[in-house]
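Notes for the one structure printed next.
Read-outs throughout are calculated quantities, based only on the coordinates presented, and are distinct from any laboratory measurement. Just so it is clear, the model here is predicted, and its values are computed rather than measured. Virtual Cβ from ideal backbone geometry, glycine too; neighbours counted across all protein chains shown.
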Amino acid sequence: MDIRDKANSSVPIEFDIIADTNAHENRYYGIKLYGATFPDDTTGCEVAGTGKNLSGLNSAGVPYGDIIYGVFTKITLTGGVAIAFKG
C-alpha cells in the first residue's frame, strides 16, 4: 500500500443524507449539519448505543457545514438536513 492508498482509505465513501424526521440507524462516525435540529429527548439519537439528548445544539447556533464527530448508532432530526458519514 502506498501513501495515496492509505490516505484514500480514511476518506468516507458512504453516507446517508438525512432530510426527514424518521430514525436512521447505522454506524455513523460523523454528522455534517445544515440547519439540523434534534428532538428534546434521549430516544432520538444514540452514541455507541446509548441515548443522548442533542437538543442543546438547537439553540447553540451551530454553523452550516459543521461536523459533529462520534460513533452515532441512531440519528433523528426534527428539522433541517444532515449528512451522516458511515464508518
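So here's what we get for this one:
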{"read-out": "Enumeration of residues in the range 44-70 that are out of contact with any strand residue (DSSP E or B) (no Cβ under 6 Å at 6 or more places or on another chain) and among the aliphatic types (A, V, I, L, M)", "value": "57, 60"}
{"read-out": "Selected residue (criterion: farthest from residue 83 (Cα to Cα)) from residues of the range 20-52 that are in a strand (DSSP E or B) and among the polar types (S, T, N, Q)", "value": "50"}
